[in-house]
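Read the structure below first, then the notes.
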Ligand SMILES: [Ca+2]
Ligand SMILES: [Ca+2]
Ligand SMILES: [Ca+2]
Ligand SMILES: [Ca+2]
């Protein structure tokens, strides 16, 4: 029989599918059907196929795969974006190796419906190759990363490991939703192996969004974002918990927080946290630092930061640039240091607009704002309570060039061991404190007001 063009097409397609095993769900998707470490139909085979064929951008695990015990790292070296849909499979591996390593500079790696558990090193490592200048995006949706000896997720731009060697000029974008990052970093010898860690250097930004996600009981920081040189940090955390991180750390290079962000070099830091719990962490709940040129902007709304070992929230801004914070419906109870601590240094202002804040039984001040260097301090606080703290209810200070303007409205300050409200304006400039319906019950150990260089007006 003479072959038709249609039958020839079938033969060609079947032959091509035979060459690129395992089986294909579509032309650019590989279906994983085996739970074995390697071999036909395995996840390792699928990733190897994607390493060789840039048309493959999708790997799907059949929901019957169940559990895969790896004997070595799954290494994705492809340069194309890749999405792995895990079918709720569980990937583990007892040896001292990272479970999934992405090293080819793919613009996007996306994992969904996958459980990555109990590995001997990190869960997912994205190692950005030298010379990369584009954005590298990492997306986790319905992913759990639990019980890794090292980081749960580590995105690293450096050639020689954490923050050392030569960095690329890539930007890093991370999106996490409906996920769990829990109990990672248990190695007794590795340092700074956080639940989620981004090491970004050189040109480029860090852009992070964490939604509906639990990041808990990691041995080091829950989340650590380090951005250096030119570039900004934008981070948003919502409907999430970052509790109990940094506890049980036996290496102790540095105390660890729920959320730790460090931005340095030119560029800003912009963090929004809303509807979140950041409590019970070893050091600070939220610890953000912006250095050199650029501003720090912090927005907290409906956030609980309690029972952290040091400050509930700590913001530090240094170098040129200002610090601005909007705080509403924030609770800070029984932290080891201040409930809220904002410090701005060098050129630039510190401006804080806060309402509905409860700061109680903290180890030092309920609220501490400190502005030094050129620039002014502006603070408005409405509908707030700062009570039963071990030092002052409120300590607000402005130094060097610049003015101080504080307005308190419907604020209750009582039961603090030292002063109720301590406000200090030193060096040049003016100091003004306006109180409206502010209740300062004389239950403070050293009296109600301690004003230095400040004129108080009660309206
Ligand atoms: Ca940078
Ligand atoms: Ca900066
Ligand atoms: Ca500054
Ligand atoms: Ca000043």
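Rule-based calculations on the coordinates, nothing more; no lab input. Everything numeric here is computed off the predicted structure, so don't read it as measured data. Here the Cβ positions follow ideal geometry from the backbone for every residue, glycine too, while neighbour counts run over all protein chains shown.
Compute the convex hull volume of the Cα atoms of the stretch 233-351, divide it by the residue count, and report the result per residue in Å³ as a whole number. Each step should come with its number before you reach the end.
Working: hull volume 10.1 nm³, N = 119.
About 85 Å³ per residue, rounded to a whole number.
Tell me, 97, 239, 220 in order of fewest to most beta-carbon neighbours within 10 Å?
Values: 97 19, 239 14, 220 31.
Listed from fewest to most nearby Cβ atoms, that is 239, 97, 220.
Ranked by Cβ crowding within 10 angstrom, fewest neighbours first, how are 121, 115, 197 ordered? Kindly include the intermediate steps, with their values, before the conclusion.
On the way: 121 21, 115 18, 197 28.
Result, fewest neighbours first: 115, 121, 197.
When 141, 52 are ordered from fewest to most other Cβ atoms inside 10 Å of their Cβ, what list results?
Working: 141 19, 52 10.
Sorted ascending by nearby Cβ count, the order is 52, 141.
Based on the Cα gyration tensor of the stretch 236-286, what are the three equivalent ellipsoid semi-axes, each the root of five times an eigenvalue, rounded to whole Å and given largest first?
After diagonalising the Cα gyration tensor, the semi-axes are 21, 18, 5 Å.
Using only Cα atoms and rounding to the nearest 10 degrees, what angle (0 to 90) does helix 5-19 make with the longest principal axis of the chain?
With rounding to tens, the tilt is 60 degrees.
Working from Cα positions, state the angle (0 to 90°, nearest 10) between the long axis of helix 43-52 and the longest principal axis of the chain.
On a 0 to 90 degree scale, this one is about 80.
Can you tell me the relative contact order of the chain? Whole percent, Cα pairs under 8 Å, sequence separation 6 or more. Before the final figure, lay out the partial values.
Details: 1624 pairs, mean separation 27.3, N = 459.
Reported as a whole number, the value is 6 percent.
Output the peptides 416-423, 150-157, 104-111 sorted from most to least packed, where packing is the average of other Cβ atoms within 10 Å over each peptide's residues. Walk me through the numbers before you get to the answer.
Working: 416-423: 24.2, 150-157: 28.2, 104-111: 20.1.
Order by mean packing, descending: 150-157, 416-423, 104-111.
May I ask you to order 288-301, 258-271, 68-81 by the average number of other C-beta atoms within 10 Å around their residues, highest value first?
On the way: 288-301: 21.8, 258-271: 23.9, 68-81: 17.5.
Most protected by this proxy first, the peptides run 258-271, 288-301, 68-81.
Quick one: P(r) of the chain from all Cα-Cα pairs, 20 Å bins, percents rounded to integers, in order of increasing distance.
Result returned by the calculation: 25, 46, 22, 7, 1, 0.
If you average the alpha carbon positions of the stretch 371-409 and of the stretch 130-180, how far apart do those two centres end up, in angstrom?
The distance from the Cα centre of the stretch 371-409 to that of the stretch 130-180 comes to 38 Å.
With no solvent and one point per C-alpha, what does the Debye sum give as log10 I(q)/I(0) for the stretch 305-459 at q = 0.13, 0.17, 0.18 Å⁻¹?
Computed log10 I(q)/I(0) values: -0.51, -0.89, -1.00.
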